[in-house]
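Undergrad: My structure is below; once you've seen it, I'll send some questions.
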Amino acid sequence: MRATKMFLCTLREDPAEAEVDSHILLLRAGFIRQFAAGVFAYLPLGLKSLKKIENIIREEHSFIGAQETQLSILQTRELWEEAGRWDVYGDILFRLKDRKDRDLCLGPTHEEPITDIVRNMIKSYRELPVALYQIQTKFRDEARPRFGLIRCREFLMKDMYSFHETKEDLEKFYKQVARCYERIFSRLNLTYYKVEADPGVIGGSANHEFVVPGLSGESQVFMCSKCNYKATSEKASGKISEIPLEKVEESIREVYTPQANSIEKLANFLDIKPSNIIKTMVFIADDQPIVVLIRGDYEVNEAKLINNLNISELRVATGEEVIRYFSSPIGFLGPKNLPALTTLLADESVFTLKYGVVGANKEDYHLLGFNPHKDLTGSIIKGNYRSTKNDDLCPLCEAPLKEIKGMEVGHVFNLGTKYSKAMKATFTNREGTEQSFLMGCYGIGVSRSLQSVAEEHHDENGLQWPISVAPYELVIIPIDYQKPDQKNAADQLYQKLLSLNFEVVLDDREITAGVKFKDADLIGYPIRVTISPRTLAKGVIEVKLRKDGSSELISQEEIANYLLHLKTRLFKEIEETVPPLLTIG
RNA sequence: CGGGGCGUAGCGCAGUCUGGCUAGCGCGCUUGGUUCGGGACUAAGAGGUCGGCGGUUCAAAUCCGCCCGCCCCGACCA
């Protein structure tokens, strides 16, 4: 491609709308353009890179026998009601009506349509397993779109759904897909972690997230500092590291604690550590109040509560609700003398205390010397309801866990029969009886991956695409294309490289060399070839790598051959990081 | 949804507090000339519903009200 014919629109200055490096650079280099919050257009360069990612995904999916489909974006309310998600999905679902006033939505994910297709078309175990995927635009009305392509309302996703006869077959395929994902992210040259995750509203049992580090605020992951354990904050089950013992009061005694209505104030007032306090939290779970006890230095993890209680809706109770149900203001609530039949849950951390401080159920008073082992009466549901924190201990090897911020680029779910049962998707098994499909679903954020690669591969001058994702592999920059000898050399090399199937840009613009260099750095072509009168006089041409700035002078006769080898080498460096395929055993 | 910031030429910004000539600056763009290894120099130009609507005023980018949009933090989040 000649630069004079390209849709190049690089920006000299950082756009005000972006703050994250990768977002700024994708805008500045002319890869994307924003239309509304979380809504983007892909410009020619961006689309080229996006297609590279898509094709890597297609190739790797073909290796595990998955077939590409394209499901409709527009979906009906009826289909969504079958699996019970029309109401559950809430505001995130883009809803619309057609001219006959029928309810429709724009697909945020495609479990329902795929299950509908398979239940109608697959009737026998002989046709299983089946794995279908699509690379499709998804719509989610996110509460807060942010970071460019990272959290969008319209975005590109690869989603795959698999259908199996047996649990074993599903588990085997699940592992193959996980490996498929590892291969894809390796080929994108992304640093990623495969971590145990929480299923959320998708449901099912086993599931793993693929997380790339960086872009804080999106996803929290806990990694063991010693072994291989990695889990998201909703899932991580860190062991409690600190078991405090101080100021032991051995029997219950009421103390006056004016205005000490928070853990911090109470700890200061009594001069003890937060870990010596038992916090009493009230939640409204499906319209019923529940009380959760937890040690003062931990936070309640709502996702864990939801999963443990098998409820669909959970929120923290308001101050008025707490007074209405328990006649005590927030901050002075405690487990002693609660109304009978109160659902009472206690996090394991509470039982690391021999004696702790609890609310007295009246304003400005707390109780010292509360013994959770003896003084907790009635039925208590013990469990892990706390968010793991830094330096909690690994559940596998007890080394300290460390928190990292990351971003989810892929997720694999073992769904079991959640959707097939709800949607009556069955087949006839080899015993001749009807059975629900066992399902898996597997997603990759494609547009998000594009920005993740940009986030990991850039410097202060611009993008540094790995060759597998770069919109073009190489740029030829003649210092002055108007000079016949440079023009000849550049044209000749350009034609030669085109014939060798290089994806190459010839920067034939009539501008100073500096601008061409700056643009090349910003756009991030992996290889830059400079045609200069200085080197031409010596019969050589400069070849420079964007990723490390290294350069070499190559003779004009050797240049095409050299570039061919260089390109092969760059691809090979990436391929060497790709783990082997898992073959079906 | 709560908190904060912003909206003036294609892009980045000043001007708003303290109302007052024809709304500025840099980059980019157009034309001519000189340049050509890291966003050149020079001369001449084009380009604006000051986010929108309403109000106050002799006079509004500037003050007041309502609305819209974008960004950041939080809540939320396959």
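The values are calculated or read from the model by the stated rules, or taken from the named source; none is laboratory data. The structure presented is a predicted model; accordingly, all values stated were derived computationally and were not measured. Here Cβ is always computed from backbone atoms with ideal geometry, including for glycine, and neighbour counts include all displayed protein chains. Calculation scope for accessible area: heavy atoms of the full protein, side chains included, ligands and nucleic acids excluded. Shrake-Rupley method; radii C 1.70, N 1.55, O 1.52, S 1.80 Å.
Undergrad: Considering every residue within segment A:14-27, establish whether at least one is aliphatic (A, V, I, L, M), at pLDDT 95 or above, away from RNA strand B (no atom under 15 Å from the Cβ) and in contact with a Phe, Trp or Tyr (Cβ under 9 Å, 6 or more places away or on another chain).
TA: No - not one qualifying residue is present in segment A:14-27.
Undergrad: What are the residues in segment A:116-141 that are within 8 Å of RNA strand B (Cβ to nearest atom) and either open to solvent by less than 10 Å² (accessible area, probe 1.4 Å) or free of Cβ contacts under 8 Å to residues at least 12 places away in the same chain (or both), if any?
TA: Pass one, segment A:116-141, residues within 8 Å of RNA strand B (Cβ to nearest atom): A:138, A:140.
Within segment A:116-141, just A:Lys138 meets the criteria.
Undergrad: Given the conditions (1) open to solvent by less than 70 Å² (accessible area, probe 1.4 Å); (2) β-branched (Val, Ile, Thr); (3) at pLDDT 85 or above, report the number of the one that A:Ile381 does not fulfil.
TA: (1)
Undergrad: Has segment A:142-149 got at least one residue that is farther than 30 Å from A:Thr388 by Cβ and either open to solvent by 30 Å² or more (accessible area, probe 1.4 Å) or modelled with pLDDT under 95 (or both)? Before you say what the answer is, go through the steps one by one.
TA: Filtering segment A:142-149 for residues farther than 30 Å from A:Thr388 by Cβ gives none.
Checked against the condition, which is being farther than 30 Å from A:Thr388 by Cβ and either open to solvent by 30 Å² or more (accessible area, probe 1.4 Å) or modelled with pLDDT under 95 (or both), segment A:142-149 yields no hits at all.
Undergrad: Restricting attention to segment A:361-376, which residues are part of a loop (DSSP other than H, G, I, E, B) and touching a Ser or Thr at 6+ places or on another chain (Cβ under 8 Å)?
TA: Just the residues of segment A:361-376 that are part of a loop (DSSP other than H, G, I, E, B), to begin with: A:361-364, A:371, A:376.
Answer for segment A:361-376, where residues must be part of a loop (DSSP other than H, G, I, E, B) and touching a Ser or Thr at 6+ places or on another chain (Cβ under 8 Å): A:Asn361, A:Lys362, A:Glu363, A:Asp364.
Undergrad: Hey, any hits in segment A:107-115 for a residue that's open to solvent by 20 Å² or more (accessible area, probe 1.4 Å) and either without any contact (Cβ under 8 Å) to a residue 40 or more places away in the chain or in a helix (DSSP H, G or I) (or both)? Show your work before the answer.
TA: Filtering segment A:107-115 down to residues open to solvent by 20 Å² or more (accessible area, probe 1.4 Å) leaves none.
Within segment A:107-115, not a single residue is open to solvent by 20 Å² or more (accessible area, probe 1.4 Å) and either without any contact (Cβ under 8 Å) to a residue 40 or more places away in the chain or in a helix (DSSP H, G or I) (or both).
Undergrad: Still on this structure, please answer the following. In segment A:466-494, which residues are more than 16 Å from RNA strand B (Cβ to nearest atom) and farther than 21 Å from A:Ala537 by Cα? Walk me through how you get there before you give the answer.
TA: To start, the set of residues in segment A:466-494 that are more than 16 Å from RNA strand B (Cβ to nearest atom) comprises A:466-473, A:491-492, A:494.
Listed by number, the residues that qualify are A:Pro466, A:Ile467, A:Ser468, A:Val469, A:Ala470, A:Pro471, A:Tyr472, A:Glu473.
Undergrad: Scan segment A:507-539 for residues that are closer than 16 Å to A:Phe7 by Cβ and charged (D, E, K, R) and report the count.
TA: Qualifying residue count for the region: 4.
Undergrad: In segment A:519-530, how many residues are without any contact (Cβ under 8 Å) to a residue 60 or more places away in the chain and within 9 Å of RNA strand B (Cβ to nearest atom)?
TA: Final tally of qualifying residues: 3.
Undergrad: Further, regarding this structure: Residues of segment A:415-427 being surrounded by fewer than 24 Cβ atoms within 10 Å (Cβ to Cβ) and within 15 Å of RNA strand B (Cβ to nearest atom), which ones?
TA: A:Lys418
Okay, residues lined up against (1) in contact (Cβ under 8 Å) with a residue 24 or more places away in the chain; (2) surrounded by fewer than 24 Cβ atoms within 10 Å (Cβ to Cβ); (3) not β-branched (Val, Ile, Thr):
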{"residue": "A:Asn429", "(1), (2), (3)": "yes, yes, yes"}
{"residue": "A:Phe437", "(1), (2), (3)": "yes, no, yes"}
{"residue": "A:His457", "(1), (2), (3)": "yes, yes, yes"}
{"residue": "A:Val475", "(1), (2), (3)": "yes, no, no"}
{"residue": "A:Gln486", "(1), (2), (3)": "yes, yes, yes"}
{"residue": "A:Ser499", "(1), (2), (3)": "no, yes, yes"}
{"residue": "A:Ile511", "(1), (2), (3)": "no, yes, no"}
{"residue": "A:Ser532", "(1), (2), (3)": "yes, yes, yes"}
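Undergrad: Can I ask one more? If we keep just the residues of segment A:28-62 that are under 15 Å from A:Leu522 (Cα atoms) and near RNA strand B (Cβ under 9 Å from one of its atoms), which is surrounded by the most Cβ atoms within 10 Å (Cβ to Cβ)?
TA: A:Ala29
Undergrad: Please pick out the residue among A:Lys405, A:Lys424 that is in contact (Cβ under 8 Å) with a residue 60 or more places away in the chain, outside the structural domain of A:His164 (by TED's automatic domain parsing) and among the basic types (Lys, Arg).
TA: Values: A:Lys424 fails: outside the structural domain of A:His164 (by TED's automatic domain parsing).
Matching residue, one of A:Lys405, A:Lys424: A:Lys405.
Undergrad: Now for a separate question. Examine segment A:78-86 for a residue that is assigned to a loop (DSSP other than H, G, I, E, B) and either open to solvent by 70 Å² or more (accessible area, probe 1.4 Å) or under 19 Å from A:Lys158 (Cα atoms) (or both), and state whether such a residue exists.
TA: We begin by selecting, within segment A:78-86, every residue assigned to a loop (DSSP other than H, G, I, E, B); these are A:83-84.
Filter once more, keeping what is either open to solvent by 70 Å² or more (accessible area, probe 1.4 Å) or under 19 Å from A:Lys158 (Cα atoms) (or both): none.
No, because not a single residue in segment A:78-86 is assigned to a loop (DSSP other than H, G, I, E, B) and either open to solvent by 70 Å² or more (accessible area, probe 1.4 Å) or under 19 Å from A:Lys158 (Cα atoms) (or both).
Undergrad: Do you know which residues across segment A:328-356 are in a helix (DSSP H, G or I), open to solvent by 10 Å² or more (accessible area, probe 1.4 Å) and in contact (Cβ under 8 Å) with a residue 40 or more places away in the chain?
TA: Once the filter is applied, which keeps residues that are in a helix (DSSP H, G or I), open to solvent by 10 Å² or more (accessible area, probe 1.4 Å) and in contact (Cβ under 8 Å) with a residue 40 or more places away in the chain, segment A:328-356 yields A:Glu348, A:Thr352.
Undergrad: Separate question: Hey, among the residues in segment A:539-556 that are open to solvent by 60 Å² or more (accessible area, probe 1.4 Å) and in contact (Cβ under 8 Å) with a residue 12 or more places away in the chain, which one's nearest to RNA strand B (Cβ to nearest atom)?
TA: Residues of segment A:539-556 that are open to solvent by 60 Å² or more (accessible area, probe 1.4 Å), as a first pass: A:544, A:547-548, A:551-553, A:556.
Okay, now just the ones that are also in contact (Cβ under 8 Å) with a residue 12 or more places away in the chain, so A:544, A:547, A:553, A:556.
Values: A:Lys544: 6, A:Lys547: 13, A:Leu553: 9, A:Gln556: 13 Å.
Here the residue is A:Lys544.
Undergrad: Let me ask something else. In segment A:157-191, what count of residues is obtained for those that are of a type in the set (Gly, Ala, Ser) and surrounded by 22 or more Cβ atoms within 10 Å (Cβ to Cβ)? Step through it out loud before you land on a result.
TA: Pass one, segment A:157-191, residues of a type in the set (Gly, Ala, Ser): A:162, A:178, A:186.
Then drop every residue that is not surrounded by 22 or more Cβ atoms within 10 Å (Cβ to Cβ), which leaves A:162.
Count: 1.
Undergrad: Going by what's in this entry, would A:Val177 be described as assigned by TED's automatic domain parsing to the domain that holds A:Ala18, touching a strand residue (DSSP E or B) at 6+ places or on another chain (Cβ under 8 Å) and within 16 Å of RNA strand B (Cβ to nearest atom)? Spell out how you get there, then give the answer.
TA: Numbers: assigned by TED's automatic domain parsing to the domain that holds A:Ala18: yes; touching a strand residue (DSSP E or B) at 6+ places or on another chain (Cβ under 8 Å): yes; within 16 Å of RNA strand B (Cβ to nearest atom): yes.
So A:Val177 fits the description; yes.
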